[in-house]
């Protein structure tokens, strides 16, 4: 999948590597203890099939007074669960906030993707196939279908 070939789509999903799971567990534990790593939060959502609460670390982007969740791996399990549940919880330490969201349309995503890449490219750049914060709005709009973005309401 590359921006040049225009093969990004709304079902794009990149499965995490096994080493990634260990990193996520470390971030998850630290964030639950109240140590937010560059804006990390624990996102908890009811599983759409099991009904059990599922938790994953996420990067919460703050931009122009708004907050966003970006799914750099595409349509992940947390994305599917959030869409089904309609709400989730964000936690840092003992502070938990229940939220609803608005999912952004592709034309609304370039500015958010650019800000997300500026902040976390070192961590998530591998999921963007060479596209970075300096990409044109056109390129960011082209890849937008592969990156669900949720504005926290």
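The values are calculated or read from the model by the stated rules, or taken from the named source; none is laboratory data. None of these values were measured; they are calculated from a predicted model. In this analysis, Cβ positions are derived from the backbone assuming ideal geometry, glycine residues included, and neighbour counts consider all displayed protein chains.
Numbers for the structure displayed
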{"read-out": "Subset of segment 65-84 [within 21 Å of residue 32 (Cα to Cα) and either free of Cβ contacts under 8 Å to residues at least 12 places away in the same chain or not in a strand (DSSP E or B) (or both)]", "value": "71, 77, 78, 79, 81, 82"}
{"read-out": "Sole residue being under 28 Å from residue 141 (Cβ atoms) and at pLDDT 90 or above, chosen from 3, 71, 10", "value": "71"}
{"read-out": "Selection status of residue 100, closer than 11 Å to residue 43 by Cβ, in contact (Cβ under 8 Å) with a residue 40 or more places away in the chain and more than 13 Å from the chain's Cα centre (by Cα)", "value": "no"}
{"read-out": "Candidates 55, 50, filtered to the one that is modelled with pLDDT of 80 or more, more than 23 Å from residue 132 (Cα to Cα) and either assigned to a loop (DSSP other than H, G, I, E, B) or more than 16 Å from the chain's Cα centre (by Cα) (or both)", "value": "50"}
{"read-out": "Qualifying positions in segment 85-123 - within 17 Å of residue 27 (Cβ to Cβ), outside any strand (DSSP E or B) and touching a strand residue (DSSP E or B) at 6+ places or on another chain (Cβ under 8 Å)", "value": "116, 119, 120, 123"}
{"read-out": "Test result for residue 117, at negative phi and touching a residue at least 60 places away in the same chain (Cβ under 8 Å)", "value": "no"}
{"read-out": "Residue within segment 57-64 that is over 19 Å from residue 16 (Cβ atoms), surrounded by fewer than 17 Cβ atoms within 10 Å (Cβ to Cβ) and without any contact (Cβ under 8 Å) to a residue 24 or more places away in the chain present", "value": "yes"}
{"read-out": "Boolean, residue 131 is surrounded by 16 or more Cβ atoms within 10 Å (Cβ to Cβ), more than 15 Å from the chain's Cα centre (by Cα) and over 15 Å from residue 73 (Cβ atoms)", "value": "no"}
{"read-out": "Segment 124-139, subset in a helix (DSSP H, G or I) and touching a residue at least 12 places away in the same chain (Cβ under 8 Å), residue farthest from residue 62 (Cα to Cα)", "value": "139"}
